[in-house]
Amino acid sequence: MEHQIIAVANQLIQNGKKPTVALVRAKLSCRVAIPVLLQTLQKIESLSPAQLNELAGEDKPTTDIDSQPPSDDVAALTTKVDHLQQEVALLKQQLNAINKQLGLNSL
């Protein structure tokens, strides 16, 4: 994800625009957490133009490794799925409690 943020920010800079959270988020193909975006933008501000071009992959050909999802994204998605599963279980418990109070059959 960081690579995509850097590439978008680099494109904005080359177009004479300051990469802001709103501009970068609008250009990204997928959603990204604000803390990740802010951290990456802070990192970009400390880089020279040459370093930014290198990180953005201006001179680097795309490989199969680049097309695989970064492990950070997979870990984040796994965490979100776990959280949502816990939330669904809690909601089911609450629904069962309400149904019991109303004398209805539980799920």
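Taken together, the values in this text are just the output of simple stated rules run on the coordinates, not laboratory data. Remember, it's a predicted structure, so these values are computed and weren't measured experimentally. Glycine gets a Cβ as well: all are built from the backbone with ideal geometry, and neighbour counts include every protein chain shown.
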Among (1) loosely packed, with under 12 Cβ neighbours inside 10 Å; (2) in contact with a Leu (Cβ under 8 Å, 6 or more places away or on another chain); (3) not hydroxyl-bearing (Ser, Thr, Tyr), where does PRO35 come up short?
(2)
Please count how many residues of the range 1-47 are part of a helix (DSSP H, G or I) and within 26 Å of VAL74 (Cβ to Cβ).
26
